[in-house]
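S.K.: I'd like to ask some things about the structure below.
The values are calculated or read from the model by the stated rules, or taken from the named source; none is laboratory data. Because the structure is a prediction, the values reported are computed rather than measured. Every residue, glycine as well, gets a Cβ built from its backbone with ideal geometry; the counts of neighbours run over all protein chains shown.
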Amino acid sequence: MTHRTLLRGAAVATLALALAACGATSPTSPAATPDASTEDAGTVGFQQIRNATIKLDYAGTTFLIDPMLAAKDAYPGFEGTYNSEVRYPLVELPMPMSEVMDADAIIVTHTHADHWDDEARRSLPRNLPLFVQNEADAESIRQDGFTDVRVLTRDTVFNGTQLSITGGQHGDDQAMAVAGEALGQVMGVVFQRPGHETVYLAGDTIWNAQVEDSIQQYQPDVIVLNTGYARIQGLDGSIIMGKDDLYRAYQAAPQAKVIGSHMEAVNHAMQTRQDLHDHIKATGMDPERVLVPADGESYTF
């Protein structure tokens, strides 16, 4: 798009309200196993649930990340974004809610409603340890009745695993100038433990220097990117990553597996899994290293 326009003030306001509101056998790939829950403590298990909701089984501890748990079509589309007339989630959860909620801890990278929704607030156990990016998010979630909310730092340790917060930006500088209040702060997380693969979950960010610095600093073995290419009306580009960023990560971390998540579940995500698969083929990336999981699909590393 060559013609650059700005989101009108009213659209920004409605977007802010929308983002703040609400707040079977799985398929396998050559790198996948059907059930991450059966792994021993020396492996890392990843399971794509839906959207940005994933489960990471790390050294025997299961983390539920960015839970959006509502039924299909539960919420109106995000106002001010593409396809805002379409309700989301676009698809149902791929497994029973009880199975999704079977976890030892929760991580909420930020409190937009497609990462922490009303159903998650209602349904998740109030006493589970829950990790967030800052005290503002912690206080908001405590008001929902959760009793063990912790702010991540660069050296948080939980059950022997180091959790390190990383930075990000939920849109380019133009998007932040126009809609920064609505887009807010976001975080990523790095999981580390001796004898285990290092996992970097980038979160709802575009590709920028913070992402490059995190890859350089932590040298992750597994990188999880949110690659749905979500868009706001009137702005060029996306507020999260897309298919081109798979290639950037592939080049920046030649030792790592790269996973594309946050796909095909919200109204404003403009790239599909097929788009990513086509890009992997077109650019000659190794499909054993660049993974685009279906909902419910699991991998072990």
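S.K.: Across the range 83-98, which residue is surrounded by the most Cβ atoms within 10 Å (Cβ to Cβ) among those that are within 20 Å of LEU124 (Cα to Cα) and over 19 Å from the mean Cα position of the chain (by Cα)?
M.R.: Top of the filtered list is PRO96.
S.K.: Check every one of the strands (runs of 3 or more DSSP E) wholly within the range 185-261 and list those with 1 or more residues that are within 25 Å of ILE106 (Cα to Cα) and charged (D, E, K, R).
M.R.: Working: elements: 188-192, 199-201, 222-226, 257-261.
Those strands (runs of 3 or more DSSP E) span 257-261.
S.K.: Can you name the residue in the range 41-61 that is among the aliphatic types (A, V, I, L, M) and in a loop (DSSP other than H, G, I, E, B) and, of all such residues, is surrounded by the fewest Cβ atoms within 10 Å (Cβ to Cβ)?
M.R.: Going through the qualifying residues, I end up with ALA41.
S.K.: Across the range 262-272, what is the number of residues that are in contact with a helix residue (DSSP H, G or I) (Cβ under 9 Å, 6 or more places away or on another chain) and assigned to a strand (DSSP E or B)?
M.R.: The total comes to 1.
S.K.: I need the full set of residues from the range 113-163 which are charged (D, E, K, R), outside any helix (DSSP H, G or I) and touching a strand residue (DSSP E or B) at 6+ places or on another chain (Cβ under 8 Å), in order please.
M.R.: At the first step, the residues of the range 113-163 found to be charged (D, E, K, R) are 114, 117-119, 121-122, 126, 135, 137, 139, 142, 144, 148, 150, 154-155.
In the following step, the residues that additionally are outside any helix (DSSP H, G or I) were identified as 114, 117, 126, 144, 148, 150, 154-155.
ASP114, ASP117, ASP148, ARG150, ARG154, ASP155, listed by residue number.
S.K.: A further question follows. Between ALA36, ALA41, which is modelled with pLDDT under 50 and of a type in the set (A, V, I, L, M)?
M.R.: After applying the criteria, what remains is ALA36.
Residue by residue, here is whether (1) under 25 Å from ILE49 (Cβ atoms); (2) crowded, with 20+ Cβ neighbours inside 10 Å; (3) touching an Asp or Glu at 6+ places or on another chain (Cβ under 6 Å) holds:
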residue	(1), (2), (3)
ALA209	no, no, no
GLN219	no, no, no
ILE223	yes, yes, no
MET263	yes, yes, no
GLU288	yes, no, no
ASP295	yes, yes, no
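S.K.: Starting from the range 47-66, keep only residues that are under 15 Å from PRO129 (Cα atoms), then list their pairs with residues that are of a type in the set (Lys, Arg) and assigned to a strand (DSSP E or B) whose Cβ atoms are within a distance under 9 Å, requiring at least 6 positions of separation or different chains.
M.R.: THR62/LYS55; PHE63/LYS55; LEU64/LYS55; ILE65/LYS55
S.K.: Could you check the range 55-82 and list, in sequence order, the residues that are among the hydrophobic types (A, V, I, L, M, F, W, C), under 16 Å from the mean Cα position of the chain (by Cα) and over 18 Å from VAL266 (Cα atoms)? Write out each step before concluding.
M.R.: Start the filter on the range 55-82 by keeping residues that are among the hydrophobic types (A, V, I, L, M, F, W, C), which leaves 56, 59, 63-65, 68-71, 74, 78.
This time we only want the ones that are under 16 Å from the mean Cα position of the chain (by Cα), so: 56, 63-65, 68-69.
Answer for the range 55-82, where residues must be among the hydrophobic types (A, V, I, L, M, F, W, C), under 16 Å from the mean Cα position of the chain (by Cα) and over 18 Å from VAL266 (Cα atoms): LEU56, PHE63, LEU64.
S.K.: Does the range 62-108 hold any residues that are assigned to a loop (DSSP other than H, G, I, E, B), among the aliphatic types (A, V, I, L, M) and under 30 Å from GLN192 (Cβ atoms), and which are they?
M.R.: Answer for the range 62-108, where residues must be assigned to a loop (DSSP other than H, G, I, E, B), among the aliphatic types (A, V, I, L, M) and under 30 Å from GLN192 (Cβ atoms): MET68, LEU69, LEU93, MET95, MET101, ALA103, VAL108.
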